[in-house]
1. Taking a point 7 angstrom from the Cα of A713 along the C-beta vector, which residues in segment 726-751 have backbone N less than 19 Å away?
2. Report the far tail of the P(r) of segment 245-293, meaning the percent of Cα-Cα pairs longer than 17 Å.
3. Run through the DSSP bridge list for the chain and note the antiparallel percent, rounded to the nearest 5.
4. One-quarter of the Cα convex hull surface for segment 541-604, in nm²?
5. Roll a 1.4 angstrom probe over the protein heavy atoms and tell me the percent of accessible area of segment 637-714 that is carbon or sulfur.
6. To make sure I understand the rule: partners must be lysines, Cα under 30 Å from the Cα of K520, and not fewer than 8 residues away in the same chain. Which ones qualify?
7. Compute the normalised compactness of segment 351-482: alpha-carbon radius of gyration over 2.2 N^0.38 Å, N being the residue count.
8. Each residue of segment 499-514 in turn: what ³J(HN,Hα) in whole Hz from Karplus with 6.51, -1.76, 1.60 and θ = phi - 60°, glycine and Pro shown as x?
Amino acid sequence: MPSISEKSNDTEERMLGAVPGKPALGRGPAPGGDYSRHEYHHPAAGWGAARSVARVLERAGEPIDGFRALFVMNHENGGFDCPGCAWPDDPSGLKLDLCENGVKHTTWELSPAKADREFFAAHTVSELASWTDYDLEAVGRLAEPLSYNPASDKYETISWGDAFALVGDTLRALESPHQASFYTSGRLSNEATFLYQLWVREFGTNNLPDCSNMCHEASGRAMTAAIGTGKGTVDLEDWEQADAIWLLGDNAATNAPRMLTWLAEADRRGAQLIHINPLIEAASRRTIVPHEFVNMATFHTTKVGTLSVQVRIGGDMALMRGVAKAVFEAAAKDPDVLDREFIEHYTHGFDQYRALVESTPWSELVKGSGIDESEIRKLADNYIASKRVIIAWCLGVTQHDCGVDIIREIINLLLLRGNIGREGAGPCPVRGHSNVQGNRTCGIDNRPDAAFLDRLANVCGINPPREHGLGVVATIEAMHRGEVKVLVALGGNFALCSPDLSYTAEALRKCQLTVQVSTKLNRSHLVHGTRALILPCLARTDKDRQASGFQGVTVEDSMSMVHISYGMKEPGSPHQRSECAILAGMAQATLPNSGTPWQGYVEDYDRIRDTMARVLEGFEDFNQRARHPHGFRIVQPARDRVFKTPTGRAEFSASPLATDVDPGEGRLLLATIRSHDQFNTTIYSNDDRYRGLKGLRTVVFMNESDMRDRGLAEFDLVDVTSFSRDGTKRIVHGYRAVRYEIPSGSAAGYMPELNVLCGIADVSTQSDQPVMKHLVVEVTSSINAPARSGSQESASDTLQN
């Protein structure tokens with residue numbers, strides 16, 4: 001790690017592309033004055049969401065298209081799939097199956113293509129680096145392909161042919177295909193995903209890092225080991241039949257707002273809704289579903305939470321094991337508490353797991369979870385009383401060193417009562433980006449299995465590499481060492497979504513070539529290699545016309561439903577190209593002697609789908625089934641109690657409890673979180689309505705007693721120091737302490753700002769994920785507190801040895 005002295009507070013800014021004294025990591029518009037916080041007691045969604053949508057449409061660059069989008073988003077028969085989260089579409093054909101955040105995301109990409117040659121001729125990269133990220137994206141859609149000119153420090157237009165040639169020439173000149181890495185964001189369609197991995201594997205590498213490496217990698221690895229599939233087993237019909245739904249590490253009102261509809265329905269039929277999260281969130285209390293017009297008119301709210309359990313950060317595994325211990329104790333009195341027939345016929349490792357749980361003292365479980373024994377027993381009573389239970393989870397579970405073990409413990413609990421492979425029950429990872437699960441299904445995986453590679457080789461006539469490739473963190477490290485010289489990124493904002501922002505920026509700048517396929521300008525275009533390309537692509541809302549006519553693309557939601565999506569408006573620039581066309585162009589330039597029909601694939605996406613149907617399990621008759629009104633569900637063997645594990649059974653896990661839940665004297669465990677007015681690294685404003693915060697993002701949410709112990713009052717300026725596993729420290733200055741309902745010893749703050757606190761060495765040994773929800777920190781009163789904070793201008797970032 002580089003050694004940066006305390007005096008070099010502008011170093012992080014230079015690494016991220018900013019100039020000294022300017023905002024390095026600005027998120028959203030400047031607060032413009034006061035900031036404030038109040039207790040939020042209103043229902044989630046409801047009129048707050050409706051007013052927010054109205055404001056979004058009012059200020060949209062294309063307000064008419066924005067309004068029209070409300071009536072075609074997530075609709076069958078020619079509608080487009082929401083480019084936001086991966087929550088499934090309502091199978092009943094709901095006419096307004098959308099949410100506040102989906103509208104924000106859609107109108108954001110409906111903006112005009114104003115990031116054109118005139119714009120880039122007027123602004124150097126150094127100047128743009130001083131802009132906030134909000135201002136960068138607010139310019140509008142990228143209009144034409146661009147190449148960085150170091151002499152002028154500007155991006156200049158380049159023809160598509162020359163851009164493809166630069167990519168192809170650079171890749172072919174590498175000593176090894178493994179000197180390039182190819183990143184994927186979750187927005188990529190299934191068809192583009194398949195072409196992407198086909199190009200990369202025909203080129204000769206499995207260096208296919210993706211956003212799953214940072215979010216749900218732990219889910220896939222845990223479930224594959226336990227039940228033989230990396231995906232959840234439930235669908236929305238199961239949500240309609242569950243007697244209890246448990247949500248761990250998830251803030252539904254922000255991460256998957258359409259889930260509120262299903263939670264409200266579950267409450268009305270008497271289901272138990274259990275929220276397990278360090279923070280008490282609005283989604284755990286009450287809601288008004290906006291498309292329920294009578295309730296909106298009468299302000300009638302519906303409960304979306306029966307019980308909230310404030311587990312300490314990292315304590316989920318101890319909590320689940322505590323519930324299991326109480327279940328075993330209940331079974332000693334009533335053997336029918338366990339589903340012994342299911343355990344005997346469908347599972348392996350039960351006796352070892354039972355012995356482990358029974359030998360674990362309650363004191364250890366209470367300490368590890370931060371929850372009293374009586375409360376754990378209350379949770380177990382709820383579980384035993386519910387015949388059909390769904391347990392869902394999000395990044396609050398996965399982004400820990402022991403994320404895989406936590407999820408294995410969730411599966412253990414489900415197995416005890418046969419809550420897998422029957423209606424109304426099962427595991428349910430809540431995915432984020434709209435096609436992140438489809439990316440994996442269709443081949444974006446740096447650790448592909450042999451059977452997939454065999455089918456790919458047989459159908460496509462290529463010889464794919466067999467050795468595992470690099471994930472996100474390994475790619476960053478290899479770039480930093482100079483071993484990976486080219487990075488191609490399909491969507492996303494790699495420079496900001498990654499851990500250890502300064503280290504990542506250094507790594508990117510060491511590349512010979514960085515290629516960003518994007519819809520809008522972002523920070524990753526300003527933190528680039530020696531040569532850099534920006535290639536503007538069509539968005540989900542844009543009409544895609546190729547030689548054979550109007551094209552549709554497919555996506556897979558978080559419950560394995562695959563359906564087709566059609567754009568609704570004409571592209572904003574004639575120079576924008578579809579993801580498939582861009583990928584095929586780069587592939588042809590890289591592989592001039594390829595036998596793959598790249599041009600034919602671009603002319604008609606049905607041809608891509610025909611090939612996919614022969615390679616991908618569960619995609620038989622792909623073209624026909626994708627056009628069914630609601631698409632089709634990929635078969636999940638575990639749903640039918642067919643477990644594709646080495647034993648042919650569902651596997652109990654007997655892992656030891658995590659020991660890193662206590663950060664040490666005077667320290668806290670900090671989790672990075674999203675605000676409500678945010679989608680991944682895209683910040684729509686500095687407000688966070690559901691947490692009652694307005695005009696401020698540089699905050700640390702803390703327990704009131706932890707603030708009092710440090711002599712802190714509300715909005716006092718603080719420094720936050722993180723302690724990495726490699727012995728280095730990272731500090732952010734000028735943040736504000738904010739009181740919140742969070743357990744003592746735990747804290748939270750917004751990503752991507754606080755990604756800087758996660759060192760490149762802070763990676764799970766189980767999943768290779770950055771441990772963004774498990775950062776050991778000290779929070780102290782700012783030594784040199786400026787007169788006013790509340791924006792990134794006053795928050796400097798320092799990396800120390």
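The values are calculated or read from the model by the stated rules, or taken from the named source; none is laboratory data. Bear in mind the structure is a predicted one, so any value in this text is a computation, not a measurement. Glycine also receives a Cβ, built like all others from the backbone with ideal geometry; neighbour counts cover every protein chain displayed. Just the protein is used for accessible areas: all its heavy atoms, side chains included, with ligands, DNA and RNA removed. Shrake-Rupley method; radii C 1.70, N 1.55, O 1.52, S 1.80 Å.
1. Within reach of a label on A713, which here means backbone N under 19 Å from a point 7 Å along Cα→Cβ, segment 726-751 contributes 734-740.
2. Numbers: 320 of 1176 pairs.
When every Cα pair of segment 245-293 is considered, 27 percent fall beyond 17 Å.
3. On the way: 45 of 96 bridges.
Among the beta bridges of the chain, antiparallel pairing accounts for roughly 45 percent.
4. Details: hull surface 22.3 nm².
Reported value for the Cα convex hull: 5.6 nm².
5. Values: 1390 of 2980 Å².
Percent of accessible area from carbon and sulfur atoms in segment 637-714: 47.
6. Once the sequence-local lysines are set aside, what remains near K520 is K22, K95, K104, K114, K154, K485, K510, K543, K569, K694, K773.
7. Working: Rg = 20.2 Å, N = 132, 2.2 N^0.38 = 14.1 Å.
Normalised by 2.2 N^0.38 Å, the Cα Rg of segment 351-482 equals 1.44.
8. Using θ = phi - 60°, the values come out as x, 6, 4, 5, 5, 5, 5, 4, 4, 4, 5, 7, 6, 6, 8, 10 Hz.
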